[in-house]
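Undergrad: I'd like to ask some things about the structure below.
What follows is calculated from the coordinates using simple rules that are stated; it is not laboratory data. Values in this document were obtained by computation on a predicted structure and should not be read as measured data. Backbone-built Cβ (ideal geometry, glycine too); neighbour counts: all protein chains shown.
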């Protein structure tokens, strides 16, 4: 709390709000003037209430906190708050009582002048950032699976997926389920997580490693689907072309990306314990499934893409292999939670 009020008033309010427990945690502007910049850095570690301060004092406090590595947010409504609001990482002004100067200097304007709105804004920001990370991991891991599949097919000398198949997958299957991750609601414990570092990468906390191993797992399942389809069609395994195998691989790749999007609703928690339902993802899943089945079974698209209309047995095998990514990712999350809990 940084205020121009008397120290006794500030201490009484701060104690009532549980900001401090002892008056020793409060300091006045006059006392602050007697401190050097280095002494102030040590003092801000102990003090949480600043009374009888001037505009220049506020700026010094913000500067000291920033130099200690803290992310600072400064709120205010008057013209004298503008320098400190401008120097803070996040400047917040009051929308109703705030002056135009203060609003122009701030990064965020509270339209209702309610401090609780700041909490809602932080939660919304965390949700958006979390959804961006989910979408990035989803897109990179599925694209990695496609690259690994094509690379493996080139080494083996067979055609598992053609460029036209990949174009279709990227335009249809990647798009709708991926976009539905962007409207995912905030997880129930999102505000209990510690703040992330300002220089933290989107691939931190194991996201980069997860992207790699998930992509490898999906590629293995798709390649396995191709060879199973080959065996069902020709009665033997081998390094040769198979229209049934290619059709099953295509179907598996489509469904595996949809199931992967479902698993990505949370990067750490089990999807079976989430406290909300993503209806957008459900409709994206249904729409993508209908379109994919049309490609496999409508004669025009079957001929266009070089497929074979696979039978029920082949469909169930391809679907089961795709669904297998869900328990695989859930197992990975479970292991990470156990390691994190024991560390």
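Undergrad: So what is the orientation-averaged projected area of the range 219-278, using the convex hull of its C-alpha atoms, in nm²?
TA: Reported value for the Cα convex hull: 5.0 nm².
Undergrad: Over the Cα atoms of the range 94-135, what is the Rg over Rh ratio if Rh follows Kirkwood? Please report the intermediate quantities before stating the final value.
TA: Values: Rg = 13.1 Å, Rh = 11.5 Å.
Answer for the range 94-135: 1.13.
Undergrad: Out of every Cα-Cα pair in the range 7-117, what percent are more than 20 Å apart?
TA: I get 44 percent for the Cα pairs in the range 7-117 exceeding 20 Å.
Undergrad: Please work out whether the range 86-215 counts as rounded, prolate or oblate from its C-alpha gyration tensor, where a ≥ b ≥ c are the square roots of the eigenvalues and a/c under 1.5 means rounded, while otherwise a/b larger than b/c means prolate and anything else oblate?
TA: Prolate.
Undergrad: With each run of n ≥ 4 DSSP H residues scored as -39500 (n - 2.57), what mean residue ellipticity at 222 nm is computed for the chain after dividing by its residue count and rounding to the nearest 500 deg cm²/dmol?
TA: The helix-only estimate for the chain comes to -19500 deg cm²/dmol at 222 nm.
Undergrad: Compute the acute angle (0 to 90°) between the alpha-carbon long axis of helix 7-16 and the principal axis of greatest extent of the alpha-carbon atoms of the chain; round to the nearest 10°.
TA: Helix 7-16 sits roughly 40 degrees off the main axis of the chain.
Undergrad: A further question follows. Taking the Cα centre of each part, how many Å lie between the range 1-60 and the range 317-334?
TA: 55
Undergrad: Could I ask something else about it? Could you work out the percent of alpha carbon pairs in the chain separated by over 26 Å, rounded to a whole number?
TA: Working: 35676 of 58653 pairs.
For the chain, the share of Cα pairs beyond 26 Å comes to 61 percent.
Undergrad: Would you list 240, 138 from fewest to most Cβ contacts within 10 Å?
TA: Working: 240 12, 138 23.
Exposure proxy ranking, most exposed first: 240, 138.
Undergrad: Let me ask you something else. What is the helix-to-structure angle for 243-263, meaning the angle in degrees between its Cα long axis and the longest Cα principal axis of the chain, kept from 0 to 90 and rounded to the nearest 10?
TA: Long axis of 243-263 versus the principal axis of the chain: about 20 degrees.
Undergrad: Moving on to the next point. In percent, what relative contact order does the chain have, based on Cα pairs under 8 Å that are 6 or more apart in sequence?
TA: Reported as a whole number, the value is 13 percent.
Undergrad: Starting from the Cα-Cα distance between residue 331 and residue 111, subtract it from 0.36 nm times their residue separation and give me the gain in nm to one decimal.
TA: Answer, rounded to one decimal: 74.7 nm.
Undergrad: Name the most mobile residue of 325, 220, 13, meaning the one with the largest mean-square fluctuation, in a Gaussian network model of the chain with Cα contacts below 10 Å.
TA: Among 325, 220, 13, the largest mean-square fluctuation in the Gaussian network model of the chain belongs to 13.
Undergrad: Against the longest alpha carbon principal axis of the chain, how many degrees, from 0 to 90 and to the nearest 10, is the axis of helix 55-67 turned?
TA: Result, in degrees: 40.
Undergrad: Is the range 146-229 best put as rounded, prolate or oblate by its Cα gyration tensor, with a ≥ b ≥ c the root eigenvalues, rounded for a/c under 1.5, and otherwise prolate when a/b is larger than b/c, oblate when not?
TA: Prolate shape, in that a/c is at least 1.5 and a/b is the bigger ratio.
Undergrad: When only C-alpha pairs under 8 Å and at least 6 residues apart count, what is the relative contact order of the range 7-117, in percent?
TA: Contact order relative to length: 18 percent.
Undergrad: At a Förster radius of 25 Å, what calculated FRET efficiency corresponds to the Cβ-Cβ distance of residue 236 and residue 289, to the nearest 0.05?
TA: 0.20
Undergrad: Does the range 246-321 classify as rounded, prolate or oblate by the C-alpha gyration tensor (a ≥ b ≥ c root eigenvalues; a/c under 1.5 gives rounded; else a/b over b/c gives prolate, otherwise oblate)?
TA: Prolate shape, in that a/c is at least 1.5 and a/b is the bigger ratio.
Undergrad: Over the range 34-87, what is the relative contact order in percent, taking alpha-carbon pairs closer than 8 angstrom and at least six residues apart?
TA: On the way: 36 pairs, mean separation 19.2, N = 54.
About 36 percent, as a whole number.
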